[in-house]
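Everything on this sheet refers to the single structure shown next.
The values are calculated or read from the model by the stated rules, or taken from the named source; none is laboratory data. Small disclaimer: the values here were computed from a predicted structure and weren't measured. Neighbour counts run over all protein chains shown; Cβ positions are idealised from the backbone, glycine included.
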Amino acid sequence: MTAPSWDTTAPEKTIKVTLDTQSYNVVVGYNNLSRLGRHIRQVVKNDNVFVLTDTRVGPLHAVRLKETLQTDGFKDVTVVQVPEGEKSKSMEEYLNILGEVHRFSRGKPEKALMLNLGGGVVGDLGGFVAATYTRGCNYIQVPTSLLAAVDSSLGGKVGVDFAGAKNIVGSFYQPGLVFIDLSLLKTLETKEVRTGLAEVVKYGVIKDSTLFRYCEDNYEKLLGLDPEATFHTVGICLQIKAGVVQEDVLDRKGIRAALNYGHTIGHAIEAASSYGYSHGEAVSIGMVAENVIARELGLLDRESAGRVKNLLKNIGLPVVSKKFPVSEVFSYLSRDKKFTGGANRFVLPTEIGSVKLVSGVEERLVEKA
Ligand code: GLY
């Protein structure tokens, strides 16, 4: 199957996220950074922008971002960087950035406008600062990783890690705009592209067998960030995510929980490896392991489980974890708010394109997986 041809007359696609309390656009395009200012002007009145980024993305993209905003008349565009990596999703960095935003806001009559330029860490951290500073200020997500573009930038889950538990302190706080220029992804290392593709595979398994098949046929193009294939795929993932978020924005109806396929075991492996595995690598292992549970429970056929494993392998993702003591993995599992909250609850596929929430999975099966 081939992607629809790249429509140069409509270089941007807009997906509208409509919630009871608020609506916002997710704009995705290629080489469209110069249009960011105009999109911001459509949603907020601010003339000043506090840009949060990290030490890897800042040097690559912040100067151009600042120039384009200044060309569009934004006055004070202040860029602050946090160290690259998961360690920045901490209380310490949260307090540090709160202090920076507070300094930035002094003497400015309007509430601060934050713009998070980066991957999931920057988006989650900056979003949490935005959620809490002055009881909420506007923020914009400009994801620069494939993972953030297809998943974490949309949906308003913001927060930091705490006491060894991932995302345990946080909030639901929606951005005013998600703006994606896929050409910024060109600077990603292949390892980071793979990590984002793990989430793409997730969307295929939980909701869209056509997307899954497209990935099977086009994984090489996707690994190479071919513009058409990437635009096509990111657009579909965003549509799926927007639909899920609209139906269950606060993750309480068991609908949004589907996005955690592969993540329950994945998060535990990620933590047990002290983040030696990237998020996508851990989720890849998690999806394969959770498929083992689905197979044991008679929910998933062998062929489908094999297709998931093969696709992940073809993408270059690990499908088996290094050995960690089971007790260690369980100790992290028991800290997972969704796992304990739902009594050993797992999202398990029943076929490619469909999943079901299963509670009360026996520990023996989890151990086997
Ligand atoms: N990344 C999972 C969610 O947004 O619910």
Long-range neighbours under 9 Å by Cβ, at least six apart or interchain, first residue under 15 Å from Leu154 (Cα atoms) within the stretch 249-261, second among the hydroxyl-bearing types (Ser, Thr, Tyr) and surrounded by 17 or more Cβ atoms within 10 Å (Cβ to Cβ): Leu259/Tyr203
Complete set of residues in the stretch 18-36 that are in a helix (DSSP H, G or I) and surrounded by fewer than 18 Cβ atoms within 10 Å (Cβ to Cβ): Ser34, Arg35
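Is it fair to say Ile265 is in contact with a Phe, Trp or Tyr (Cβ under 6 Å, 6 or more places away or on another chain) and within 30 Å of Lys87 (Cβ to Cβ)?
Numbers: in contact with a Phe, Trp or Tyr (Cβ under 6 Å, 6 or more places away or on another chain): no; within 30 Å of Lys87 (Cβ to Cβ): yes.
No.
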Among the listed residues Glu220, Glu228, identify the single one that is more than 16 Å from the ligand (Cβ to nearest atom), in contact (Cβ under 8 Å) with a residue 12 or more places away in the chain, at negative phi and surrounded by fewer than 19 Cβ atoms within 10 Å (Cβ to Cβ). Glu228
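Could we say that Lys75 is surrounded by 14 or more Cβ atoms within 10 Å (Cβ to Cβ), of a type in the set (D, E, K, R) and touching a residue at least 12 places away in the same chain (Cβ under 8 Å) here?
no
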Assuming Leu117 fulfils every condition listed in (1) within 16 Å of the ligand (Cβ to nearest atom); (2) in contact (Cβ under 8 Å) with a residue 40 or more places away in the chain; (3) in contact with a Pro (Cβ under 9 Å, 6 or more places away or on another chain) apart from one, which condition is it? (1)
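In the stretch 261-273, how many residues are assigned to a loop (DSSP other than H, G, I, E, B) and within 12 Å of the ligand (Cβ to nearest atom)? Before you say what the answer is, go through the steps one by one.
Kept after step one, since they are assigned to a loop (DSSP other than H, G, I, E, B), are these residues of the stretch 261-273: 261-262, 273.
Narrowing the set further to residues that are within 12 Å of the ligand (Cβ to nearest atom) leaves 261-262.
The total comes to 2.
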Exactly one of these conditions fails for Tyr277: (1) more than 17 Å from Lys207 (Cβ to Cβ); (2) assigned to a helix (DSSP H, G or I). Give me its number. (2)
Within the stretch 160-172, of all residues that are outside any loop (DSSP other than H, G, I, E, B), touching a residue at least 60 places away in the same chain (Cβ under 8 Å) and more than 10 Å from the ligand (Cβ to nearest atom), the one nearest to Ile15 (Cα to Cα) is Val160
Between a residue in the stretch 140-159 that is within 17 Å of Thr187 (Cα to Cα) and any residue that is within 11 Å of the ligand (Cβ to nearest atom) and in a loop (DSSP other than H, G, I, E, B), which pairs come within a Cβ distance under 6 Å, given they are 6 or more apart or on different chains? Pro143/Ser153
Taking into account only those residues within the stretch 231-246 that are within 16 Å of the ligand (Cβ to nearest atom) and small (Gly, Ala, Ser), which is farthest from Gly29 (Cα to Cα)? Gly243
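Looking only at residues in the stretch 139-149 that are within 17 Å of Tyr24 (Cβ to Cβ) and of a type outside the set (S, T, N, Q), which one is surrounded by the most Cβ atoms within 10 Å (Cβ to Cβ)?
The initial filter retains those residues of the stretch 139-149 that are within 17 Å of Tyr24 (Cβ to Cβ), namely 139-143, 148-149.
Still in the list and also of a type outside the set (S, T, N, Q): 139-140, 142-143, 148-149.
Details: Tyr139: 28, Ile140: 25, Val142: 28, Pro143: 32, Ala148: 26, Ala149: 30.
Among residues in the stretch 139-149 that are within 17 Å of Tyr24 (Cβ to Cβ) and of a type outside the set (S, T, N, Q), the one surrounded by the most Cβ atoms within 10 Å (Cβ to Cβ) is Pro143.
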Breaking point among (1) under 20 Å from Val245 (Cβ atoms); (2) modelled with pLDDT under 95, for Gln141: (2)
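For the stretch 211-243, enumerate the residues that are closer than 16 Å to Gln174 by Cβ and under 14 Å from the mean Cα position of the chain (by Cα). It would help to see each step written out before you state the result.
Residues of the stretch 211-243 closer than 16 Å to Gln174 by Cβ: 238, 241-243.
Residues satisfying the conditions are Leu238, Lys241, Ala242.
Consider Gly118 carefully, then state whether it is crowded, with 22+ Cβ neighbours inside 10 Å and on the phi > 0 side of the Ramachandran plot.
Numbers: crowded, with 22+ Cβ neighbours inside 10 Å: yes; on the phi > 0 side of the Ramachandran plot: yes.
Yes, satisfied.
Could you look through the stretch 274-289, keep only residues that are closer than 18 Å to Lys89 by Cβ and among the polar types (S, T, N, Q), and pick out the one that is nearest to the ligand (Cβ to nearest atom)?
Pass one, the stretch 274-289, residues closer than 18 Å to Lys89 by Cβ: 274-283.
Subsequent filtering for residues that are among the polar types (S, T, N, Q) retains 274, 278.
Working: Ser274: 22, Ser278: 15 Å.
Going through the qualifying residues, I end up with Ser278.
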Restricting attention to the stretch 125-156, the residues that are within 12 Å of the ligand (Cβ to nearest atom), over 22 Å from Ser183 (Cα atoms), touching a strand residue (DSSP E or B) at 6+ places or on another chain (Cβ under 7 Å) and part of a loop (DSSP other than H, G, I, E, B) number exactly 1
Filter the stretch 254-276 down to residues that are of a type outside the set (Asp, Glu), within 16 Å of the chain's Cα centre (by Cα) and at negative phi, then give me how many there are. 10
